[in-house]
1. At most 10 other Cβ atoms within 10 Å and a DSSP loop assignment: could you name the trypsin sites (Lys or Arg not before Pro) in the range 1-108 that fit?
2. By counting other Cβ atoms within 10 Å of each Cβ, how are VAL19, VAL95, VAL183 ranked from fewest to most?
3. Send over the per residue convex hull volume for the chain, Cα only, as a whole number of Å³.
4. Using the Cβ atoms and a cut-off under 15 Å, what net charge is assigned to the surroundings of GLN104, where Lys and Arg are +1 and Asp and Glu are -1?
5. Express the relative contact order of the chain as a whole percentage, based on alpha carbon pairs under 8 Å and six or more residues apart in sequence.
6. Loop-only chymotrypsin sites (Phe, Trp or Tyr not before Pro) in the range 212-250, please: DSSP not H, G, I, E or B, and at most 16 other Cβ atoms within 10 Å.
7. Starting from the 7 Å offset along Cα-to-Cβ, what nm value, one decimal, do you get for the label separation of ASP2 and SER37?
8. In nm, to one decimal, how far is the ARG249 label point from the LEU54 one, both placed 7 Å along Cα→Cβ?
Amino acid sequence: MDGRAVLVTGAGRGIGAAVAQAFAARGDRVAVHYGRSAGPAADVLAALPSGGHLMVQADLADPAAVRRMVDGAAEGLGGLDVLVNNAGVYAARPVTEGTYEQWQEAWEHTLAVNLTAAANATWCAVRHMIPAGGGRIINVSSRGAFRGEPDHPAYAASKAGLNALGQSLARALGPHGIAVTTVAPGFVATDMAASTLAGPGGDEIRGQSPFGRVASAGEIAAAVLYLATAEAEWASGAILDLNGASYLRT
């Protein structure tokens, strides 16, 4: 088959949709994952150039569903060369507000989708990549893992965990020809962020970067596309900040 076999989680909109489009544009076969909303994922699938693409569904908080998703993608695509762990949830739950039960729920769900699901998808993907001689795994993290998110502490913690997961697995999987990298975007102009960016705090968010704007989903996709190439193998273990110098870490 032509091109590589690529699975992108959370590909029904935003960064995931842009990543799926970028891989398909270079001739790769893409599995578009969605959780609950089949309609947007179907629209993304229909817009992908060339052929050989498919949709896969899974509740990422369900480990059995994650395994079915990865195995189904590999079967439908004829293998699995690239996994992009992009899907995530961003629920506000400050520590000073709400009930203890709401606090527990926010943490359990956020960690299940943002961190454990990525670990599970990676475990399953590795079973397809090692026999094939290698692959690429790219995780989508966030600048929030470094600067802190007071209203979204579970989100920030999940992304910090994702960073550590990626670096640990880069060490573990390098001998098998699998490079693991992470991108850490700041604010991105997606449908999910549109109301926030159009609201009273939009100018402040754009002003965080010296460029006076936020990223486009295409800019994040371009970085993911590069990290999936053979030439990017030596970047394994790296966490690439994509925040327009809005937050600089040491």
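1. In loop regions of the range 1-108 (DSSP not H, G, I, E or B), the sparsely surrounded trypsin sites (Lys or Arg not before Pro) are ARG36.
2. In increasing order of surrounding Cβ atoms, one gets VAL95, VAL183, VAL19.
3. Hull volume over Cα atoms, normalised by residue count, gives 128 Å³.
4. Working: positive: ARG93; negative: GLU97, GLU101, GLU105, GLU108.
Value of the local net charge: -3.
5. In percent, rounded to a whole number, it is 19.
6. Loop-located and lightly packed - TYR247.
7. 3.2 nm
8. 3.6 nm
A short reminder: the numbers here are calculations on the coordinates, not readings from a lab. This structure is a prediction, so every number in the text was calculated from the model and none was measured. When we count neighbours, we look across all protein chains shown, and the Cβ atoms used for this are built from the backbone with ideal geometry, even at glycine.
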